[in-house]
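The values are calculated or read from the model by the stated rules, or taken from the named source; none is laboratory data. Worth saying up front: this structure is predicted, and the values here are computed from it rather than measured. Backbone-built Cβ (ideal geometry, glycine too); neighbour counts: all protein chains shown. Calculation scope for accessible area: heavy atoms of the full protein, side chains included, ligands and nucleic acids excluded. Shrake-Rupley method; radii C 1.70, N 1.55, O 1.52, S 1.80 Å.
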Amino acid sequence: TRHPYGGELAYIGRDFLEKKIKNKKEMWEKEKWNLVKDWYSVHLNYLRNLQEKGHTLAGYFNEVAFDSAKWRFDGMPDLHEYDGQSMAKFVLDHMGYRYVIRDLRLPKSIRPGAKVRLALDIENTGFGEMLRPPKLELRLACGQRSERVVPTANLVIPSGSRKRVAIDFTVPADLPRGTKDATIQLSGLRFANPGLWDADNRLFTLGRVAIE
């Protein structure tokens with residue numbers, strides 16, 4: 001059984017922080033304490049006061065830029081996309097699980113009644129893991145018509161790991177043929193890839209296929 005893990009940032013005075021970083025130019029020395037590695041080790045899910053106004057450490061996290069090369073450790077996932085962003089933004093986005101699709105393979109076309117497999121290469125760049133398997137549903141949109149099917153897939157991925165995942169489903173037998181750009185969308189799980197999330201319907205667009 002998985003349980004969420006977290007807490008809060010310590011409350012310290014600004015004078016203590018300024019004294020600490022006066023000579024070192026930073027609060028923590030990576031050689032003595034790799035913060036990022038620790039967050040992955042404990043599977044951090046929440047920090048209650050990370051966005052608290054006036055909080056000394058929370059403010060410091062907003063001032064310091066994340067650097068994936070600086071905090072690198074064996075087994076660290078690909079985090080270079082956050083280089084230059086604030087440490088606060090990095091922590092906020094990586095608490096809990098954070099799934100990124102690194103590669104996606106869809107068939108060019110599908111047939112009504114056929115069994116179909118979608119192949120996804122997914123990396124969990126988050127500190128944590130899923131507390132329970134998601135309840136997935138695929139939506140096939142063909143013009144004015146849409147059908148929903150329940151696929152099978154094992155989408156529980158350990159923190160910091162990358163996994164090849166197969167999503168299997170059967171195409172509804174009465175789906176009309178001849179559609180060139182049917183949309184395949186997934187509900188029950190949101191990926192971190194930008195530009196593909198339909199916030200109104202809470203669906204993630206995987207791609208488009210022809211129905212022949």
Considering the options Gly188, Val100, Pro172, tell which one lies farthest towards the positive end of the dipole of the chain, charges being +1 on Lys and Arg and -1 on Asp and Glu at the Cβ, about the Cα centre.
-> Pro172
In square angstrom, rounded to the nearest 10, how much accessible surface does Phe73 have for a 1.4 Å probe?
-> 30 Å²
Efficiency of FRET between Tyr5 and Leu92 - r from beta-carbon atoms, R0 22 angstrom, step 0.05 | 0.85
Please report how far the C-alpha centroid of the range 115-176 lies from that of the range 35-114, rounded to the nearest whole angstrom.
-> 22 Å
How much mean residue ellipticity at 222 nm does the chain get from its helices, if each DSSP H run of length 4 or more adds -39500 (n - 2.57) and you divide by all residues, to the nearest 500 deg cm²/dmol?
-> -4500 deg cm²/dmol
Can you tell which of Ser187, Ser68, Ser146 shows the greatest fluctuation in a Gaussian network model of the chain with Cα springs below 10 Å?
-> Ser146
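Please give the charge dipole size of the chain, origin at the Cα centre, charges +1 on K and R Cβ atoms and -1 on D and E Cβ atoms. Round to the nearest 20 debye.
Numbers: 35 positive and 27 negative charges, 77 e Å.
The calculated dipole for the chain is roughly 360 debye.
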Compute the distance in nm between two label points, each set 7 Å from the Cα along the Cα-to-Cβ direction, one at Arg132 and one at Asp38.
-> 3.2 nm
Diffing the range 130-136: the Karplus 3J(HN,Hα) column from phi (6.51, -1.76, 1.60, θ = phi - 60°), in whole Hz with x for Gly and Pro, holds 5, 7, 7, x, x, 8, 8
For the chain, modelled as a Gaussian network with Cα springs under 10 Å, which listed residue fluctuates most, Ala153, Ala119, Ala69?
-> Ala69
In order through the range 3-11: 3J(HN,Hα) via Karplus (6.51 cos²θ - 1.76 cosθ + 1.60), integer Hz, x for Gly, Pro | 10, x, 10, x, x, 8, 6, 5, 9
Unsatisfied cross-links (Cα-Cα over 30 Å) in the set Lys37/Lys108; Lys89/Lys180; Lys89/Lys115; Lys37/Lys115; Lys89/Lys135 | Lys37/Lys108; Lys89/Lys180; Lys89/Lys115; Lys37/Lys115
The list (i) 1.29; (ii) 0.98; (iii) 1.09 gives values of Rg/Rh (Cα atoms, Kirkwood Rh), and only one came from this structure; which label was calculated from it?
-> (iii)
What percentage of the solvent-accessible surface of the range 59-132, computed with a 1.4 Å probe over protein heavy atoms, is contributed by carbon and sulfur atoms?
-> 44 percent
When the chain is treated as a GNM, springs tying every alpha-carbon pair under 10 Å, which of Lys19, Lys89, Lys32 comes out with the largest mean-square fluctuation?
-> Lys32
